[in-house]
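Structure first, commentary second.
Read-outs: derived from the displayed coordinates by stated rules, not from any lab. Please read these numbers as outputs of a predicted model, since none were measured by experiment. When we count neighbours, we look across all protein chains shown, and the Cβ atoms used for this are built from the backbone with ideal geometry, even at glycine.
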Amino acid sequence: MEIGNQIKKYRAELKLSQEELADKIFVTRQTISNWENEKNYPDIKSLVMLSSLFGISLDHLVKGDLEEMKEQIKEMDIQEFNRSGYVYLVLMAAMLFTPIPLVKFLGLAGIIIWGVLAVVTVCYAFKMEKQKKALDIQTYREITAFMEGKRLDEIDKQREIGKRNYQKVFCALGAALIGGIVTAFMLWLLF
């Protein structure tokens, strides 16, 4: 990161000590030291105050850090999406394979537990759809590229956008087919 060097450089140009700079932007001297030694990164409010105090643009202050910040945000998005995917997979598997055992061993309490599990799973599905929409990834190819930290080029992206409606229909039909098979199997187990 370059931000620490930038802060140190502009602070020296203004002939300010770390303590004096800290007083001007309402943080502690230790915070300034941590920024300059790149132990942590200033928040947006502090960056705006620093750029104003130094008389430079925010872009100039964080030069060299923008690409690194984008990469960190992208990596965090990928990790969050992967984590959500694993949780959703576990919830879906639990919802599909637990109704018969729950009802058989717990009766009405089992039905209630399964109902709560189903509601949580549906809520998580909505959360996943919201994440996919925010990240602009809908098709299988877009999702796998995103999870690998890649982006599709513009032509491939447009092709995938054209496939979105068809893939949704096939996903719905596939889910209905799997649901029907699991239901038939569970009914067979009951009788």
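Assorted remarks:
- Between Asp156 and Lys127, the C-beta separation translates, for a Förster distance of 25 Å, into a calculated FRET efficiency of about 0.40.
- Estimated inter-spin distance, Val119 and Lys45, nm [label 7 Å along Cα→Cβ]: 3.7 nm
- Relative contact order (%) - region 70-190, alpha-carbon pairs under 8 angstrom, separation at least six: 25 percent
- Multiplying the residue separation of Lys163 and Asn5 by 0.36 nm and removing their Cα-Cα distance gives an extension gain of 52.1 nm.
- Reported label for calculated semi-axes √(5λ) of the Cα gyration tensor in Å given (1) 47, 24, 11; (2) 32, 23, 14; (3) 52, 23, 11: (3)
- Of Glu129, Glu20, Glu75, the one that fluctuates the most in a GNM where the chain has Cα springs shorter than 10 Å: Glu20
- Modelled spin-label separation between Asp136 and Asp77, with each label point placed 7 Å from Cα along the Cα-to-Cβ direction: 0.9 nm.
- Within the chain, helix-based [θ] at 222 nm, where runs of 4 or more DSSP H residues each add -39,500 (n - 2.57), nearest 500: -27000 deg cm²/dmol
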